[in-house]
Amino acid sequence: MSARYAGTTASGFDAQTFLDSAGVAKRIVDYRRNEVIFAQGERGESVFYIQQGGVKLSVVSKTGREAVVAMLGPTEFFGEACLADQTLRIGSATAITPSTVLVIGRKQMTKVLHEQNSLAERFIAHMVMRNVRVEQDLIDQLFNSSEKRLARALLLLARYGKQTKPRQVVAAISQETLSEMIGTTRSRVNFFMNKFKKLGFIEYDADLAKGIQINSSLLSVVLHD
């Protein structure tokens, strides 16, 4: 992990302007793929903002079973529960690709939200959208088949539905992680991935080294009743 103190601009939030704000302690950290950003049970002292890359949020049960709570990408915040006095992290955050993350201390984040209206508006919008996403995920788990859940997960990873242009290629992600995301077995994920590939909905090589190409035709799986 390496830290540096010069920012880049991400869509929806001018990180450089924020970095130049007087009296605000913050830093930018580069994480390697599969590097843990924070672990379940650690003290929550900071809020994070993804400038580049992707982050997996997960929770491990007492029996050791892991569930993926969310997959986040550029311009998204995470770790914000510390602002609500959640002293310990209830889950872990892991970089799924080489990622650049802006790290802001809890007290500093609270101060900035009170002082910078543009950031406060961006953060409130983020929280509302995250709440909507949680509700959609719950509905997805309760009513949709594992095939449809997988298709939706892949489309979300490709950022379909975002205002920005969707990423056509999703960074390499294991079938184990996909199975944890949608609540099914790896063998079921493997079956549906092969099916989607044969139908031309997705494209990938044998070891997923180049990531997964998501084609818009995959939407037909989600829209089909």
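The values are calculated or read from the model by the stated rules, or taken from the named source; none is laboratory data. What you see is a predicted model; the values in this text were computed from it and never measured. Note: ideal-geometry Cβ built from the backbone for every residue, glycine included; neighbour counts use all protein chains shown. Protein only, heavy atoms only, side chains kept; ligands, DNA and RNA dropped before computing areas. Shrake-Rupley method; radii C 1.70, N 1.55, O 1.52, S 1.80 Å.
Checking the condition among the aliphatic types (A, V, I, L, M) and farther than 22 Å from residue 83 by Cβ, which residue from 138, 102, 113, 119 passes? Reasoning before the result, please.
On the way: 102 fails: farther than 22 Å from residue 83 by Cβ; 113 fails: farther than 22 Å from residue 83 by Cβ; 119 fails: farther than 22 Å from residue 83 by Cβ.
Just one listed residue meets the conditions, 138.
From the list 35, 45, the one residue that fits, being within 22 Å of residue 124 (Cα to Cα), surrounded by fewer than 19 Cβ atoms within 10 Å (Cβ to Cβ) and of a type in the set (D, E, K, R), is 45. Scanning for something farther than 18 Å from residue 67 by Cα, in contact with a strand residue (DSSP E or B) (Cβ under 8 Å, 6 or more places away or on another chain), modelled with pLDDT of 85 or more and in a loop (DSSP other than H, G, I, E, B), does the stretch 208-220 turn up at least one residue? The answer is yes, given that some residue of the stretch 208-220 is farther than 18 Å from residue 67 by Cα, in contact with a strand residue (DSSP E or B) (Cβ under 8 Å, 6 or more places away or on another chain), modelled with pLDDT of 85 or more and in a loop (DSSP other than H, G, I, E, B). Just checking, does the stretch 68-79 include any residue being surrounded by fewer than 17 Cβ atoms within 10 Å (Cβ to Cβ) and touching a residue at least 60 places away in the same chain (Cβ under 8 Å)? No; the residues of the stretch 68-79 include none that is surrounded by fewer than 17 Cβ atoms within 10 Å (Cβ to Cβ) and touching a residue at least 60 places away in the same chain (Cβ under 8 Å). Does residue 90 count as at pLDDT below 90 and either touching a Phe, Trp or Tyr at 6+ places or on another chain (Cβ under 9 Å) or β-branched (Val, Ile, Thr) (or both)? For residue 90, the condition - at pLDDT below 90 and either touching a Phe, Trp or Tyr at 6+ places or on another chain (Cβ under 9 Å) or β-branched (Val, Ile, Thr) (or both) - is not met. Residues of the stretch 102-116 that are open to solvent by 20 Å² or more (accessible area, probe 1.4 Å) and not basic (Lys, Arg): 105, 108, 110, 113, 114, 115, 116.
For the stretch 117-129, does any single residue satisfy the condition of being open to solvent by 40 Å² or more (accessible area, probe 1.4 Å), under 24 Å from residue 215 (Cα atoms) and modelled with pLDDT under 85? No - not one qualifying residue is present in the stretch 117-129.
For the stretch 81-101, a residue qualifies if it is open to solvent by less than 70 Å² (accessible area, probe 1.4 Å) and closer than 12 Å to residue 31 by Cβ, and the qualifying residues are 93, 94, 95, 96, 97, 99, 100, 101. Of the residues making up the stretch 185-215, those that are open to solvent by 40 Å² or more (accessible area, probe 1.4 Å) and within 16 Å of residue 147 (Cα to Cα) are 185, 186, 187, 188, 190, 191, 194, 195, 197, 198, 199.
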